[in-house]
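Comments concern the structure below.
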Amino acid sequence: MESITINVPRKVENNVEGFEFLTKLIDDTKNLYTTHILLEFKNTRWFEANLVAILGAWVQKHRNVNKISFSRVSKSIRKVFLKNGFYEKYNVGSEVDLFGSTIPYKIFNISEHEEFIKYIMESVIPKIKLNIETKVAKGFISSLSEVFANVERHAKSVEMVTCGQYYYAHQKVCFTIVDFGKTIGNNVKHKLGNPYMSDSEAIDWATKWGNTTKEHGEPGGIGLHIIDEFLKKNGGVFQILSGFGYWEKQQGSIFTKELNSYFPGTVVNIQSSLDYTFEDDSILIVF
């Protein structure tokens, strides 16, 4: 069996550099079969817990066609992998999360919509300190439900991978949703008949109120607008990765970039600030 070693950077964070590394990892290994892929963590001192969703989606994609190994994972990062259920999923150990800071690593089949909503209600909403009975919480749940539905309706993926973390020190919650399916760019370009639009432009279009790639008569949209509104009022950060496109919105400012590597699906990343927990009916839109 052939083998390759990929060095993980010193820090893998919720920024464009972190997403670029993970995208390059996925792109560089996409054509490998019957290969031993070793991820070398010897220099890695920080790996954002929520980004385990992307790492896990990659493992899930390769585990039946290649051998995957992690080498020299630091004690602190290993604890993250043990506590959030990532290692447990692959029978390599677990540890009780005594502080309740993790949003568990989960893999959902597209048929498990109700299980996903239950997971959001029980594992995500309490972490971002929303009263589940409020209109804001219901709107947020509804928008994430649309993101899930989009995985089947538009992305045509069979699975969605999620994970998150409550960071006490920074008073924020990070939550990530990943699928390996048709990209936002592919869907938007087809919808608009514009093959020359960049992937980051397509993502920006998809976050705007009233824009959807659904066909006439189909229920629901892509579910991104309400999340955007929530995080804007919450003081949080919204990040989307799809195809070559990277899109980030923070404090009303949008940053976009076309990456050198291709992400074969979509990542929706939410960083919710707990310093600005609120109840504001204005972000709820009812049809």
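The values are calculated or read from the model by the stated rules, or taken from the named source; none is laboratory data. Since this is a predicted model, take the numbers as computed values, not measurements. When we count neighbours, we look across all protein chains shown, and the Cβ atoms used for this are built from the backbone with ideal geometry, even at glycine. Calculation scope for accessible area: heavy atoms of the full protein, side chains included, ligands and nucleic acids excluded. Shrake-Rupley method; radii C 1.70, N 1.55, O 1.52, S 1.80 Å.
Points to keep in mind about this one:
- Kirkwood hydrodynamic radius (C-alpha pairs) into Stokes-Einstein, the chain, 20 °C and 1.002 mPa s, D in µm²/s: 111
- Largest mean-square fluctuation among Asn187, Asn269, Asn64, in a Gaussian network model of the chain whose springs join Cα atoms under 10 Å apart, belongs to Asn64.
- Leading residue at positive end of dipole, the stretch 120-215 (Cβ point charges), from Cys163, Val173, Phe148: Val173
- Whole-percent pair-distance distribution, where bins are 10 Å wide, for the alpha carbons of the stretch 1-49: 25, 51, 23, 2
- Net charge dipole, the stretch 1-124: roughly 500 debye, given to the nearest 20, about the Cα centre with Cβ charges of +1 for Lys and Arg and -1 for Asp and Glu.
- Taking the average, over residues, of other Cβ atoms within 10 Å as the packing measure, peptides 68-78, 245-255 rank 245-255, 68-78 from highest down.
- Of Ala53, Ala149, Ala169, the one that fluctuates the most in a GNM where the chain has Cα springs shorter than 10 Å: Ala169
- Mean separation of Cα contacts under 8 Å (6+ apart) over length of the chain, as relative contact order %: 17
- Within the chain, percent of DSSP bridges classed antiparallel, to nearest 5: 75
- Taking the Cα centre of the stretch 226-274 as reference, the dipole from Cβ charges on Lys and Arg (+1) and Asp and Glu (-1) amounts to some 100 debye.
- In the stretch 1-126, the portion of solvent-accessible area held by carbon and sulfur atoms comes to 48 percent [1.4 Å probe, whole percent, DNA, RNA and ligands not counted].
- Cross-link partners of Lys189 among lysines, defined as those whose alpha carbon lies under 18 angstrom from its own and excluding same-chain residues fewer than eight positions apart: Lys156, Lys208, Lys214, Lys257.
- The residue among Asn50, Tyr87, Ser69 whose Cα reaches farthest toward the positive pole of the charge dipole of the stretch 1-89, with charges on the beta-carbon of Lys, Arg, Asp and Glu, is Tyr87.
- Cut-off 15 Å (backbone N to label point 7 Å along Cα→Cβ of Asp97), residues of the stretch 144-163: 162-163
- All C-alpha to C-alpha distances of the stretch 1-117, sorted into 5 Å bins beginning at zero, yield P(r) values of 2, 10, 20, 23, 22, 14, 6, 2, 0 percent in whole numbers.
- For the stretch 147-198 versus the stretch 58-84, the gap between their alpha-carbon centres in whole angstrom: 22
- If you run the Gaussian network model on the chain, springs between alpha carbon atoms under 10 Å, then out of Asn131, Asn186, Asn31 the most flexible one is Asn31.
- P(r) tail fraction, the stretch 36-194 - alpha-carbon pairs more than 28 Å apart, %: 27
- With helices as the sole contributors, the chain gives -9000 deg cm²/dmol at 222 nm; each DSSP H run of n ≥ 4 counts as -39500 (n - 2.57), and the sum is divided by every residue.
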